[in-house]
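The values are calculated or read from the model by the stated rules, or taken from the named source; none is laboratory data. Keep in mind that what you see is a predicted model, and the values were worked out from it rather than measured. Neighbour counts run over all protein chains shown; Cβ positions are idealised from the backbone, glycine included. Heavy atoms of the whole protein, side chains included, go into the accessibility calculation; ligands, DNA and RNA do not. Shrake-Rupley method; radii C 1.70, N 1.55, O 1.52, S 1.80 Å.
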Amino acid sequence: MSTSAPTTTNPAPVSDEPPVIAVVSKKTPVILAVVTVALAAAVALGSQSGDTTFRIATRNDFAQIPDLTVPAVATAWVAVALLALCTAESVRRYLARARTPLWLVAVFGVIAMVGFLAWAAAGATLPVVGLLAGGLALAVPLVFGALGGVLGERVGVVNIAIDGQLLAGAFAAALIGSVAGSAWVGVLGAMAAGALVALILGVFAISYFVDQVIVGVVLNVLIVGLTSFMFSQVLAPNAADLNAPPRLGPVTVPVLGDIPVIGPILFRQSALVYLLYVAVALVTWALYRTKWGLRVRAVGEHPKAADTVGINVIRTRYRTVLVAGAIAGAGGAFYTLVSVSQFNREMTGGAGYIALAAVIFGKWDPIRATLAALLFGFASNLQGVLSVIGSPVPSEFMLMLPYVVTVFAVAGLVGQSRAPAASGVPYRKG
């Protein structure tokens, strides 16, 4: 009788290495908890009373939406309770070593904003459409600047000089628009001025390998000093001829502008806003759907490998930085062709740095950076609206609100992100 040899199975090798444990940041649940506690403290310590009316419709809508009136304090406490639930879910996910999903953060933000507005506008009427439309308008230079920042970093050049490009664009738009008597010629002049600042950045950062952050900061200071000098010596003495450009007023898109809520916000804006829609779409499409965009991303991630396959790294960086500067310069035209009809000293107010924060918050993606810039624009407009309706919220707090949102967004809600590998790294061939 034949017997078969017993089969043996080799045991799985035992590794002495400790198991890999996923590292999940606790910043998001901590910030959600801080916001919840802050709103609860404001409601508890504040002396608000009465009802808050949210006005959603405008007179020109073809379908009128009735106003929504809610009890201010009760709505705020309901929002606090919902925020506490969202925070608890975020903590639960953190303890389970899972990340807080973006949709939960978005829901938290909407609830927090509704609760805060209901409490802050107690006894008054809050124009929701005006708040959102104004936020979009104020975000125009931020979005243009953020698009320029995304393109610069994607190709490997840190564009700290966004604020200088915005300010140079504002100055050129006022001067050239006044001389030519055309707002659109002023926009072209603003784009040329932004590209000129970007060219200087490129010469020092790309050709001479100077630290890009230092060059950007120096350029910002240089543009502030140069435009202030030109304003006092050239524009101010000849304000009627050199500092009175035509304005780009609001243009209503037929049919679309009459849609309730959406129409007044998106389609009753300045022509520069419509140009912004086109710029966002073109940059996104070009960066991800064209050969040029593939080369830009390759140069920003691994310039040596890109050079090996025949891509001219230096030329690609120069061209992209010039395009980025022109886009940022177009954003500067908003200040002198849409916001006010003249140039003033340092009128950008550091918007370029907020645009740079939007680039980081948006994880170097054009769409996400645009959404981040819109968030910051909304925060800027909110402080003005609450001041107009007589909210008891201190004006000092409202003035710092956009910067608080910037800090919280970049510090806690951006999650883990990675900049392009070669961003800020000079490329030396050979």
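The rows are residues; the columns are (1) closer than 18 Å to ALA122 by Cβ; (2) among the aliphatic types (A, V, I, L, M).
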| site | (1), (2) |
| --- | --- |
| ALA33 | no, yes |
| ALA38 | yes, yes |
| GLY50 | yes, no |
| ARG55 | yes, no |
| THR58 | no, no |
| PRO66 | no, no |
| ALA74 | yes, yes |
| LEU85 | no, yes |
| ALA88 | no, yes |
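For (1) open to solvent by less than 60 Å² (accessible area, probe 1.4 Å); (2) charged (D, E, K, R); (3) in a helix (DSSP H, G or I); (4) modelled with pLDDT of 90 or more, each residue gets a yes or a no:
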position: ALA42; (1), (2), (3), (4): yes, no, yes, no
position: SER47; (1), (2), (3), (4): no, no, no, no
position: ALA63; (1), (2), (3), (4): yes, no, no, no
position: THR75; (1), (2), (3), (4): yes, no, yes, yes
position: THR87; (1), (2), (3), (4): yes, no, yes, yes
position: ARG92; (1), (2), (3), (4): no, yes, yes, yes
position: VAL107; (1), (2), (3), (4): no, no, yes, yes
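Condition check: in contact with a Phe, Trp or Tyr (Cβ under 9 Å, 6 or more places away or on another chain), open to solvent by less than 60 Å² (accessible area, probe 1.4 Å) and closer than 18 Å to ALA286 by Cβ. Does ALA324 satisfy that?
Considered against the rule, which asks whether it is in contact with a Phe, Trp or Tyr (Cβ under 9 Å, 6 or more places away or on another chain), open to solvent by less than 60 Å² (accessible area, probe 1.4 Å) and closer than 18 Å to ALA286 by Cβ, ALA324 comes out as no.
Quick check on VAL278: is it modelled with pLDDT of 90 or more, open to solvent by less than 30 Å² (accessible area, probe 1.4 Å), under 30 Å from VAL129 (Cα atoms) and out of contact with any Gly (no Cβ under 9 Å at 6 or more places or on another chain)?
In short, no.
From the residues in the range 146-199 that are outside any helix (DSSP H, G or I) and under 22 Å from the mean Cα position of the chain (by Cα), which one is surrounded by the fewest Cβ atoms within 10 Å (Cβ to Cβ)?
Only one residue tops the list, namely VAL158.
ALA358 versus (1) open to solvent by 20 Å² or more (accessible area, probe 1.4 Å); (2) touching a residue at least 60 places away in the same chain (Cβ under 8 Å): which is the lone unmet condition?
That leaves (1) as the condition not met.
With respect to the numbered conditions (1) in contact with a Pro (Cβ under 9 Å, 6 or more places away or on another chain); (2) touching a residue at least 60 places away in the same chain (Cβ under 8 Å), which one is the sole condition not fulfilled by THR87?
Every condition holds for THR87 apart from (2).
Just to check your reading of the model, which residue among ARG295, ARG319, ARG345, ARG289 is out of contact with any Phe, Trp or Tyr (no Cβ under 8 Å at 6 or more places or on another chain), touching a residue at least 12 places away in the same chain (Cβ under 8 Å) and open to solvent by 10 Å² or more (accessible area, probe 1.4 Å)?
ARG295 is the lone residue from the list that is out of contact with any Phe, Trp or Tyr (no Cβ under 8 Å at 6 or more places or on another chain), touching a residue at least 12 places away in the same chain (Cβ under 8 Å) and open to solvent by 10 Å² or more (accessible area, probe 1.4 Å).
So, GLY412, is that one open to solvent by less than 40 Å² (accessible area, probe 1.4 Å), of a type outside the set (Asp, Glu) and modelled with pLDDT under 70 or not?
yes
Assigned to a helix (DSSP H, G or I), modelled with pLDDT of 90 or more, in contact with a Leu (Cβ under 6 Å, 6 or more places away or on another chain) and surrounded by fewer than 24 Cβ atoms within 10 Å (Cβ to Cβ), is that true of ILE111?
Considered against the rule, which asks whether it is assigned to a helix (DSSP H, G or I), modelled with pLDDT of 90 or more, in contact with a Leu (Cβ under 6 Å, 6 or more places away or on another chain) and surrounded by fewer than 24 Cβ atoms within 10 Å (Cβ to Cβ), ILE111 comes out as yes.
Can you tell me which of (1) without any contact (Cβ under 8 Å) to a residue 40 or more places away in the chain; (2) not in a strand (DSSP E or B); (3) not polar (S, T, N, Q) is the one VAL251 doesn't meet?
Unmet for VAL251, out of (1) without any contact (Cβ under 8 Å) to a residue 40 or more places away in the chain; (2) not in a strand (DSSP E or B); (3) not polar (S, T, N, Q): (2).
For the range 94-105, which positions are surrounded by fewer than 19 Cβ atoms within 10 Å (Cβ to Cβ) and not in a helix (DSSP H, G or I)?
Of everything in the range 94-105, those that are surrounded by fewer than 19 Cβ atoms within 10 Å (Cβ to Cβ) and not in a helix (DSSP H, G or I) turn out to be ALA96, ARG97, ALA98, ARG99, PRO101.
All but one of (1) at pLDDT 95 or above; (2) more than 29 Å from GLY424 (Cα to Cα); (3) not charged (D, E, K, R) hold for ALA195, so report the exception by its number.
If we test ALA195 against (1) at pLDDT 95 or above; (2) more than 29 Å from GLY424 (Cα to Cα); (3) not charged (D, E, K, R), just (2) comes out false.
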